[in-house]
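Undergrad: Below you will find the structure I want to go over with you.
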Amino acid sequence: SYAFAALTALEEVVLPSTLESIEYGAFYGCTSLKKITFAGENNLKIINQSAFEMCNLQGTLELPSAYVISNYAFAGNKNLEGIVTSDTLLSIGEYAFAGCKKLKDVTVTAPKVKYGTYTFTGCEALKEFYVNAAVLPEGMFYECEALTKVTIGPDVNDIGPFAFRTTAVNTFEIQ
């Protein structure tokens, strides 16, 4: 836990292809950390709580093998612009991307992902989202001020309070 936390001069991390899990708070508060790359294939399956919280990740982060993105995993990465996951993803935790102000492109292709509360709160640049989860939890898109279109998949059967509070949603497409 917190193995490399608060290394404020750290700008890039090169992770081995054998790495499957980033531990709790591993890079928490590495405020200069802009880039994560992999030496070979990206086999990262579990990103634990607060693993990259309050870093300065930029661009698009590809997580092709991820099963779990835990609570606060990427919270506060104000310059992160995109996340791409795959069909392996099972869950995204509470506040996982909270405060990622420039996050505009989120690709979740897994058929049924469990989302935690306030997953994308404060993602001010997010404009569109497709979701097919049994539950859209409380505050999922709270303060996503640019969000105008949400496509809701056929498996959604519960939408929590304030899921879309202070958004600009003008179109819901229900499949």
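The values are calculated or read from the model by the stated rules, or taken from the named source; none is laboratory data. Keep in mind the model is a prediction, meaning the values are calculated, not measured. For neighbour counting, all protein chains shown are included, and Cβ atoms are generated from backbone atoms with ideal geometry for every residue, glycine included. With ligands, DNA and RNA removed, areas are computed over all heavy atoms of the protein, side chains included. Shrake-Rupley method; radii C 1.70, N 1.55, O 1.52, S 1.80 Å.
Undergrad: With the condition kept exactly as written, say whether any residue in segment 40-57 is of a type outside the set (A, V, I, L, M), more than 17 Å from Ala6 (Cβ to Cβ), open to solvent by 60 Å² or more (accessible area, probe 1.4 Å) and not in a loop (DSSP other than H, G, I, E, B).
TA: No: segment 40-57 contains no residue that is of a type outside the set (A, V, I, L, M), more than 17 Å from Ala6 (Cβ to Cβ), open to solvent by 60 Å² or more (accessible area, probe 1.4 Å) and not in a loop (DSSP other than H, G, I, E, B).
Undergrad: Mind listing whichever residues of segment 118-175 are open to solvent by 60 Å² or more (accessible area, probe 1.4 Å) and of a type in the set (Asp, Glu)?
TA: Within segment 118-175, Glu124, Glu128, Glu138, Glu143, Glu145, Asp158, Glu173 meet the criteria.
Undergrad: State yes or no: is Tyr28 at pLDDT 95 or above and open to solvent by 80 Å² or more (accessible area, probe 1.4 Å)?
TA: Against the criterion (at pLDDT 95 or above and open to solvent by 80 Å² or more (accessible area, probe 1.4 Å)), Tyr28 qualifies.
Undergrad: Checking Phe74 against (1) open to solvent by 40 Å² or more (accessible area, probe 1.4 Å); (2) in contact with a Leu (Cβ under 7 Å, 6 or more places away or on another chain); (3) not in a strand (DSSP E or B), which test does it fail?
TA: Condition (1) is where Phe74 drops out.
Undergrad: Tell me which residues, restricted to segment 78-94, are more than 14 Å from Leu57 (Cα to Cα), among the hydrophobic types (A, V, I, L, M, F, W, C) and open to solvent by less than 40 Å² (accessible area, probe 1.4 Å).
TA: Residues satisfying the conditions are Leu89, Ile92.
Undergrad: If you don't mind, another one. So the check is Cβ under 8 Å with 6+ separation or different chains; which pairs have a first residue in segment 1-22 that's closer than 23 Å to Ser65 by Cα and a second one that's open to solvent by 80 Å² or more (accessible area, probe 1.4 Å) and modelled with pLDDT under 95?
TA: Listed by first residue and then by second, the contacts come to Ser17/Glu41.
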